[in-house]
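Here's the structure, in structure tokens; my notes come after.
Just so it is clear, none of the values below were taken in a lab; they were calculated from the coordinates. Note that the structure is predicted; figures quoted are calculated from it, not measured. A quick note on method: Cβ atoms are made from the backbone with ideal geometry, for glycine too, and the neighbour counts reach across all protein chains shown.
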Amino acid sequence: MGTGSDLWHAGRTDARRARKLRGGVGEFCREMDLARRGRNTAKGRAALLRFRQKAGLIRVDSTVARIAQQVDAERQVACSVEFVGTAADPIADRLRDSGIDVATIYGRDRFDPEAERLKFQTGQAKVCVFTTVASISLHAGESLPDGSQASTEPRVGVFHRARFSGIAGRRVTGRTHRDHRVSPWHIAYAEGTVEEQVGKVMVERIAAASDTVGSDTTGLADWQSSSGPTGCRPRSRPRTAWRPGLGRDPPHRACR
């Protein structure tokens, strides 16, 4: 057993390490523009926004791994994100670092959206990372403006985080559901956390929005029933899970 002096020095070392860690986290938050200023405390919508930003940031590695897996299976991947600094940029950067070409449709005036879209549609880029929920087509076999046809490789959609809006979620899936072309969409969430419930609610809202226009929502109902009555399974340690198959076999009009 250590002496009182040993324990005192050990405590001082731990305190220094804790201060260094806090300083590193603070510096990181300032660089990512996530730091609070003055007496700014997270409440209400601000707290929700920060939760969504941080949850997206810590999931970057698992999303990149998931996308790379789909690319290896000879599929083109449409990855939907909500935020640029904590999701779109790090995902795109890490994919490029791993040798995967990426089309990027996000940020104001940073990229030419149509040029990036065509990069994905022609197969030059196997992945498209985007924030928009409408006005772009990413489906296979599209008739392009120059008279050629988009690549016919199967598309797979990835929700980096479940959307809080069912309408937005439905519109996102519609980016790859066009002209009788459909594709599965995968939703990432941390098991045993509120995110799992958010994902279930999003699917319920997509089903409700689809019902209003007479779409077939059988697949969505099956997804909900497979999630259990609450959609949450407590775990001692949350981990990222992927729920596959959203929109697997909808009719043409289901996700326009």
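Tabulated values for the structure
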quantity	calculated
Proxy reagent accessibility, fewest Cβ within 10 Å first, across 101, 179	179, 101
Ranked by how many other beta carbons lie within 10 Å on average, peptides 48-56, 165-173 from highest	165-173, 48-56
Footprinting exposure proxy for 132, 86, 63 (fewest neighbouring C-beta atoms within 10 Å first)	132, 86, 63
GluC sites (Glu not before Pro) within the stretch 57-124, DSSP loop, no more than 11 other Cβ atoms inside 10 Å	74
Stokes-Einstein diffusion coefficient of the stretch 52-112, Kirkwood radius over Cα pairs, 4 °C, 1.567 mPa s, in µm²/s	108 µm²/s
Kirkwood-based shape ratio for the stretch 63-155, expressed as Rg/Rh from alpha carbons	0.94
Coordinate range along principal axes, alpha carbons of the stretch 73-221, Å, largest first	38, 33, 32
Charge tally in the Cβ shell below 11 Å around residue 75, where Lys, Arg are +1 and Asp, Glu are -1, residue 75 excluded	-1
